[in-house]
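Beneath this line is the structure, given in structure tokens, with notes to follow.
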């Protein structure tokens, strides 16, 4: 798989399979259990919100199951009342969802939006955001493969990192954590403005917070060469960034980068 295949995939199955086996038959470091679980919660939540034939009681209890599953994915405790509904089985199944279950669900529910949810949570591992060791300021990328200092194998044995040197300030992680905890995703564009004010030059990070994703033009319309230049992409208006197809969800890759929780 290459970057073009990844960004144009219409189903999540191949993306999940790549995440689990693409590193020489092993799972990539960025395909963390927490993010795989949150991906499963996202596609279940999407299915529930679009199923208007569900009775209100089932719909409400399914949404409560999603909320409990998100807490479990983050390693938080849940109350007994959160388990005491007919969706308990779904909550427990989501809590136990590793890669194999993610792959099964992606195959069971072929939906092009699932691929968008996958990219919303995992980003583009072929164009990773650079991060910097808190000990030596050495730059690395959180992409295909393993982060050297993130596993204690770097030259300085550094174990923590931050998303920038010149523009990053700790309050950004605090704000990102609050947005994540309360799921106030409508605040992400304001967070993007803060990053721009501080000089953040990572376009992919800022654009995602603003609600955009890369627009991959697979082919031009069958016009003569002298007319192809005048063609305007209906998705991005030739800006190379189109609006996100799915809403931000818990596990959003850009928010995790700012929370310094990308590989977890």
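Assorted remarks:
- Residue pairs whose Cβ atoms lie under 6 Å apart, sitting 6 or more positions apart in sequence or on different chains, and linking a residue in segment 47-72 that is surrounded by 15 or more Cβ atoms within 10 Å (Cβ to Cβ) to a partner that is part of a loop (DSSP other than H, G, I, E, B) and modelled with pLDDT of 75 or more, are 70/250.
- In segment 152-167, the residue that is modelled with the lowest pLDDT out of those that are within 21 Å of the chain's Cα centre (by Cα) and crowded, with 18+ Cβ neighbours inside 10 Å is 161.
- Among the residues listed as 19, 68, 47, the single one being in a helix (DSSP H, G or I), farther than 15 Å from residue 124 by Cβ and touching a helix residue (DSSP H, G or I) at 6+ places or on another chain (Cβ under 8 Å): 68
- Residue in segment 134-150 that is touching a strand residue (DSSP E or B) at 6+ places or on another chain (Cβ under 7 Å) and either outside the structural domain of residue 254 (by TED's automatic domain parsing) or modelled with pLDDT of 70 or more (or both) present: yes
The values are calculated or read from the model by the stated rules, or taken from the named source; none is laboratory data. Model, not experiment: these values are computed from the prediction. Virtual Cβ from ideal backbone geometry, glycine too; neighbours counted across all protein chains shown.
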